[in-house]
Every structure is written in structure tokens, then in C-alpha cells.
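Just below is one structure, and these are the notes that go with it.
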Amino acid sequence: MTKPFVISRGVGQGDGLSTILFNLILHKALNNLEQSNMVLNRLTQICGYADDILVIARSLPALEAMCAEISREAGRVGLVINLDKTIYMRFSASPSRRSVKRATINGVTYEEVVEFIYLCTLISNDNGVEKEINRRILAGNRTYLAAISLFRIRLLSRATKIILHKTLMRPVVSYGVEAWMLTKKEEQALLIFERKIFRRIYGPKYEK
């Protein structure tokens, strides 16, 4: 530890040091709220990555209590929750229970949404992955079209093109696949996308 020093000027927005300082301060605020175990055996859970904070709760009163604690701890270190970028979503297997409404938490009314993107993953209130898979396949197709000239050139070997596929396209489509629960239809859609890439690399197969 160094000796204490006085800060007379802050760092500019976009400066590399500003993100480090922000993460340190945010970690200090959330560390006071850290709880053991997961939402499976408690009422609330906080998932945080950089400045993206996801609060999961089993009930609205539990969510209100957790949001109040986050606001209090954030205020102690000089942070304020951006209400314009805060949304609310209700998960349920029953369509009637996840109907879109506005939620008032600690006197603030939040917009309720049916889906949102968190850490590059589309999360929907029915907990399905079909929309996310379609979005990933579309992103994979855009990546494929951007690199299609590399797959057409004959100077590159098939082994090199397979490496390009595994490096460029497959991660775009399969990021976070470990958490997916696929149906046969969704699995088939992913296989169709990959077979399209292989047809470009190996060419059509003719049966005698």
C-alpha cells in the first residue's frame, strides 16, 4: 500500500483509468451485499459484470428490499442508479402471470419488458431460447458473408478454412450454449447453419 494522496482532478470519460476506478468502487458497494449460495435457496441474487447489474428475486417485496440496499450502498460510495436504463421483467411458466405491466419499486415506476439483452444474450420472460438461437444464427450469417471471400479462395486449404470457421463463426453462434436447453427444432436449426458452412468448404457431395 502506498501513502495516501489527494485527488484534485478526476479522469476524463473514456480514459482507461476511469473504468478501473469505477469497477473498484462498484465492487466495494456490491461486496457488502454479497451472499452465499444461489437464488435456488434464497430470495434474491445479484449478478454483476462491469456496470451491468442483474437483480433476481423470487417476489416483488424481496426485489424492493434488495433494490433499496443497492441504492443505499451505491450512495455511500457516490454512485447513483440510472433509472432511465433500468428495466423490470417477470419470469413465469404461466403466460397470465408474466403479462407486461409497470412495476413500482421504492416509489419509482419501472418499465416492464418481455425481453432484454444481458451480456450479449437475449433473455425473454418465457425463459425460452428460440429467439436467441435465431438471433445468433443471423449474426453467424452476417459473419459468414463478411468472410465469404476467404472461403471462396482456392489458395487456402480446407484445414485452414475449418480453422476460420471455428475461430470466426462458431463462437458467434455458440456463445453460452452450455446454458441452453434445446428442442429438436432448435438443434436442427443450428445444424443446418453449420452444414451450410461445411458445404462451402468441402463442396457438394455427389452420390453415384
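The values are calculated or read from the model by the stated rules, or taken from the named source; none is laboratory data. Computed from a prediction, not measured in an experiment: that's the story for all the values here. Here Cβ is always computed from backbone atoms with ideal geometry, including for glycine, and neighbour counts include all displayed protein chains. For the accessible areas, the whole protein counts, side chains as well, though only heavy atoms, and no ligand, DNA or RNA atoms are used. Shrake-Rupley method; radii C 1.70, N 1.55, O 1.52, S 1.80 Å.
Restricting attention to segment 175-195 and to residues that are open to solvent by 90 Å² or more (accessible area, probe 1.4 Å) and at pLDDT below 90, the residue that is nearest to Arg135 (Cα to Cα) turns out to be Tyr175. Restricting the first member to segment 119-135 and to residues that are open to solvent by 30 Å² or more (accessible area, probe 1.4 Å), and the second to residues that are among the basic types (Lys, Arg) and not in a helix (DSSP H, G or I), the beta-carbon pairs closer than 8 Å and six or more apart or on different chains are Asp126/Arg98. Figure legend. Inter-residue proximity from segment 26-41: first residues in a helix (DSSP H, G or I) and charged (D, E, K, R), second residues open to solvent by 100 Å² or more (accessible area, probe 1.4 Å) and at pLDDT below 60, beta-carbon distance below 7 Å, spacing 6+ or different chains. No pairs are indicated.
Among the residues of segment 152-171, which ones are β-branched (Val, Ile, Thr) and either touching a residue at least 40 places away in the same chain (Cβ under 8 Å) or open to solvent by less than 50 Å² (accessible area, probe 1.4 Å) (or both)? So that I can check it myself, show each step before the final result.
At the first step, the residues of segment 152-171 found to be β-branched (Val, Ile, Thr) are 153, 160, 162-163, 167.
The answer is Ile162, and nothing else.
The numbered conditions (1) modelled with pLDDT of 80 or more; (2) more than 19 Å from the chain's Cα centre (by Cα); (3) not aromatic (Phe, Trp, Tyr) are all true for Gln35 except (1).
Considering each of Ser99, Ser71, Ser124 in turn, give the residue that is at pLDDT below 85 and hydroxyl-bearing (Ser, Thr, Tyr). Talk me through it step by step, then tell me what you get.
Working: Ser71 fails: at pLDDT below 85; Ser124 fails: at pLDDT below 85.
Only one candidate qualifies: Ser99.
Restricting Leu145, Leu79 to residues that are of a type outside the set (Phe, Trp, Tyr) and buried (at least 16 other Cβ atoms within 10 Å of the Cβ) narrows the list to Leu79. Scoring Asp84 on the criteria (1) outside any loop (DSSP other than H, G, I, E, B); (2) surrounded by 12 or more Cβ atoms within 10 Å (Cβ to Cβ); (3) modelled with pLDDT under 85 leaves a single failure, condition (2). Within segment 91-109, being surrounded by fewer than 16 Cβ atoms within 10 Å (Cβ to Cβ), touching a Lys or Arg at 6+ places or on another chain (Cβ under 9 Å) and either outside any loop (DSSP other than H, G, I, E, B) or not small (Gly, Ala, Ser) (or both) holds for Phe91, Arg97, Val100, Lys101, Thr109. Taking residues in segment 54-70 that are part of a helix (DSSP H, G or I), and partners anywhere that are exposed (fewer than 13 other Cβ atoms within 10 Å of the Cβ), the pairs with Cβ atoms closer than 7 Å and at least 6 places apart or on different chains are Glu64/Asn106; Cys67/Asn106; Ala68/Asn106.
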